[in-house]
Amino acid sequence: MQNVFIDALVSKIRDSKKSESNAEWICENTTLGGRPFSFKNHEFQIGIVNDTHDRIVTKKISQVGLSEISIRKTIAFLARYPGVRAMYSFPTSLLKSFNSKSRLKPLIT
């Protein structure tokens, strides 16, 4: 039995009339190092951030920017669908502290 929360999110995504993709929103509304965010040299990430399935499995090697785009995807989704909430968790408090300071805080600011 699927979670009611997930069903509501999936329905909201599918019913949306918004034409802008998550990738477009991220590039237009977020920055990295003071410059507009770009998928240059990481074009494979576009498919990941635009995927609207309720579960995504990604095989990766380390240091390909998946944590970074996962956070940006979450923020893009929240910005594009007012009234929706998200909870982001990390496997350890050390990773939470690092990601909160280096990735989340700059995006929110």
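The values are calculated or read from the model by the stated rules, or taken from the named source; none is laboratory data. Worth saying up front: this structure is predicted, and the values here are computed from it rather than measured. Ideal geometry is used to build each Cβ from the backbone, glycine not excepted, and the neighbour counts take in all protein chains shown.
Of everything in segment 32-77, what is farther than 19 Å from Tyr88 by Cβ, outside any helix (DSSP H, G or I) and either touching a residue at least 60 places away in the same chain (Cβ under 8 Å) or among the aromatic types (Phe, Trp, Tyr) (or both)? Give them in sequence order.
Phe39
Of the conditions (1) in contact with a Ser or Thr (Cβ under 8 Å, 6 or more places away or on another chain); (2) modelled with pLDDT of 90 or more, Asn99 clears all except one; give me its number.
(2)
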